[in-house]
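Report on one structure; see the data block that follows.
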Amino acid sequence: MVERLSLRLRILLFFAALAAGAIGAVALGMVFAARRLDDPVLIGELRPVLVQGAIVAGFLILGLVAWIWYLFDTNVARAIDRLAGAIRARAHAEIDRDLTREASGARFLGDLAPAAQEVTRSLAQTRNALAESVARETTRLAAEKARLETLLADVPVAVLLCTAAHQLVFYNGQAVDLLGSGQAPGLDRNLLDYLREGPVRHAYARLSEAGDPDAASDLLCATANGARIFAGRMRVLRRREQDVAPGYVLTLRDVTSDIAAHTSRDALLAEIFDRVRRPAANLQTVIGVLSELPDQPEDRPDLSAAMLDEVQALTRAITELGARYDAVQTDWRPLAQTRSGDLMDSLKARVGAEGLALTVADGPELIVQIDGFEIVALLGWLAGRLAADGYARTFHAALLEEDGPGAVLRLEWEGPALPVGQFDTWLTEPLGAETGELTARAVLQTHGTEAWPETTPQGRSAVAMPIRSARRAGRRPPPIARAVVYDFELLSRARYAAVADARLEELTYVVFDTETTGLSPASDSIVQIAAVRLVNGRRLESEVFDTLVDPCRPIPPLSTDVHGITDSMVRGAPRIDEVGGQFHRFARGAVLVAHNAPFDMAFLRRAEEGIGAQFDHPVLDTVLLSAVVFGQLEEHSLDALTARLGITIAEEARHTAIGDTIATAEAFLKLVPMLKARGLHTFGDVLTEVRRHGRLLKDVNPRDTDRPQA
């Protein structure tokens, strides 16, 4: 029991006991002296004097003990507490600053402060040397890791690694593109928040029952809102720990447009059969009637007119349906964006391999949407065919930009023109052994275009082929960050039924901060919310929530002076009902962390009715955590805490929601190992300890700490 009391409280109890003992000793001395006197009259006369003397002595003893306790508390106990907190911060929070400031306040502790200063300095030197050694030894591994991350980031399908409970452990940039339309994915979030759970659960159950680590299961699944459809493949990992169910790898490809294109093609084919079948049946009927009426010529004009109408209807239907078919010909097959320079270089190499010569026209760099392999194969085959028939052996290629969205690709030569009939015959021939049965006509159909012989204005013979989609190549835009995000330790991390039982390092945290129009939650409103996620002891750079909020009221100039947000900045921003719902989803399943949490939580809970959700998350307050680690008498503002922990806040980031959020997150990450060093390992341990500091700040957690995780 005594061990759980703070040092200063134990010292206070010690001096209180000393004062009580001294007063008791004076009282016993007075009683003993009175009993040695035999004369009752003398005893009666001396008793008031003895009592007054005892009272005076008691007050003198109390005053003396209180004075000595104050000096001891100020110069010894507080100094020891301050020195212990500083040592713990340097031992567990990796602070390299020396103890000069703390040692100056511990001058009455003799050699303890200089000794502690030497120990922490030696610890910092050892830690730095070890860090340099580890950095040298891991440089090669870090380079290989970066290369692997780059490769995985550029894999053209979404790759996700999940635990058996469907918690995300790994995802790449393509997964963010596919799943991030409503809410971006994040580590330790549940995959079933993004995908309909039936196909995923059934595929995992099938593979788990099979017991074959090499087996894979194909599946078709949709997003939770049904907006997109994915084709996926799941493979269960090999079991590494007997009591932990294995996770799985899931690859996803968006087939929404493919299914829509195939559906459109099927509908078009059904319409073709329907619209062609009826005129054909009518024509067959008319022809049958004509064959049965050879001796009645007066009826033939009507029947001929009917037959002509049906023929015209059939012709119109075939023409219209053919045009529609050409329009959707390329929808089902995605064509790559290809630079004209790359296309011409490949064509030059292909024609050169045939023993022919090819020059390329100068012009602006274009980006065309084509199947580069097929176009190069087509033009290379055409040059070879022209050379074989004696038209030319030297050719010129040009890709000419048009006024519309397309371009024209020409293969030109000096020599006789190619007849249209002969060219149409060639289009039905295969392009060569390396392309199998692929014909020139099939390549044109794939690209939804045609080709024809012509003569250029310069008098050259040519074959022209329009390209449907082309644009000028502009300056390359800044690359989109597509880094992979992962933490493989999550695969073997235990899941706790209640937050109170969970170890601090195994919880997921969302650190947040708000900026408001004022200091009253009852009458003021939020103008900005920012948050970051902490998973497995690290801040995820890619998982950030930061948005302005329209407060639906003017922002006072005094508030703008603090956070820099003006009325014009929030004009048109979403309101708290929308932003609060987004933030609630961002923080799902996490412990909320804030500096002075009662202030921020009061604003969020006031908006719960409009948001349609309750912020009943577990909450930790870095003000109270700082009091637990450094004592209540220290200053616990965010500036003081970050300075104590060696964290620098840029001046331009101070009093901005995202700047204060990142500073609070870094402080919290350094406080966690210091809490564990004090024997506070679980959320329940910390909650019990912070509630002892209730006079400093109100704890906003409900008293029922054994509830399931949010």
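The values are calculated or read from the model by the stated rules, or taken from the named source; none is laboratory data. As the structure is a prediction and not an experimental result, all values here were calculated from the model. We place every Cβ from the backbone using ideal geometry, glycine too, and count neighbours over all the protein chains shown. Side chains included, ligands, DNA and RNA excluded: accessible areas come from the protein's heavy atoms. Shrake-Rupley method; radii C 1.70, N 1.55, O 1.52, S 1.80 Å.
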_Cα gyration tensor category, rounded, prolate or oblate, for the range 360-464 with a/c compared to 1.5_ = oblate
*Please calculate the 1.4 Å probe accessible area of Lys145, with all protein chains present, and give it to the nearest 10 Å².*
100
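Ranked highest first by the average count of other Cβ atoms within 10 Å around their residues, in what order do 406-412, 82-88, 677-683 fall?
Those peptides, ordered most packed to least, come out 406-412, 82-88, 677-683.
Sort the following peptides by mean Cβ neighbour count (other Cβ atoms within 10 Å, averaged over residues), highest first: 52-65, 619-632.
Per-residue Cβ counts within 10 Å, averaged per peptide and sorted highest first, yield 619-632, 52-65.
Using the heavy atoms of the protein chains and a 1.4 angstrom probe, tell me the accessible area per residue for the range 393-441 in square angstrom.
In whole numbers, the range 393-441 has 51 Å² accessible per residue.
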_In nm, spacing of pseudo-spin labels at Arg691 and Ala54 (7 Å Cα→C-beta vector)_ = 4.4
_Using a Förster radius of 51 Å, what is the FRET efficiency between Ala349 and Ala650 based on their Cβ-Cβ separation? Nearest 0.05, please._
0.45
_Accessible area (Å², per residue) of the range 495-594, counting only protein heavy atoms and a probe of 1.4 Å_ = 41
_Length added when fully stretched, Leu112-Ala245, from 0.36 nm per residue minus Cα-Cα_ = 42.7 nm
*asked:* Restricting to DSSP loop positions (anything but H, G, I, E, B) with no more than 10 other Cβ atoms inside 10 Å of their own Cβ, which trypsin sites (Lys or Arg not before Pro) remain in the range 566-641?
replied: Arg571
*Which ³J(HN,Hα) values, rounded to whole Hz and listed in residue order, are derived for the range 212-223 from phi using the Karplus coefficients 6.51, -1.76 and 1.60 in 6.51 cos²θ - 1.76 cosθ + 1.60 with θ = phi - 60°, glycine and proline given as x?*
9, x, 8, 6, 9, 10, 7, 8, 10, 9, 10, 5
*So if we plug the beta-carbon distance of Glu450 and Glu365 into 1/(1 + (r/R0)^6) with R0 = 22 Å, what FRET efficiency do we get, rounded to 0.05?*
0.30
*asked:* At 1.4 Å probe size, with the rest of the protein present, what percent of the exposed accessible area of the range 338-391 is carbon and sulfur atoms?
replied: 48
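Over the range 504-575, what percent of the accessible surface lies on carbon and sulfur atoms, probe 1.4 Å? Spell out each step's value before the answer.
Numbers: 1650 of 3040 Å².
Ligands and nucleic acids excluded, carbon and sulfur reach 54 percent.
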*Want the number for Arg238 to Asp561: 0.36 nm per residue separation, take away the alpha-carbon distance, what's left?*
110.5 nm
*Taking a probe of 1.4 angstrom, what is the accessible area of His693 in Å², to the nearest 10?*
20
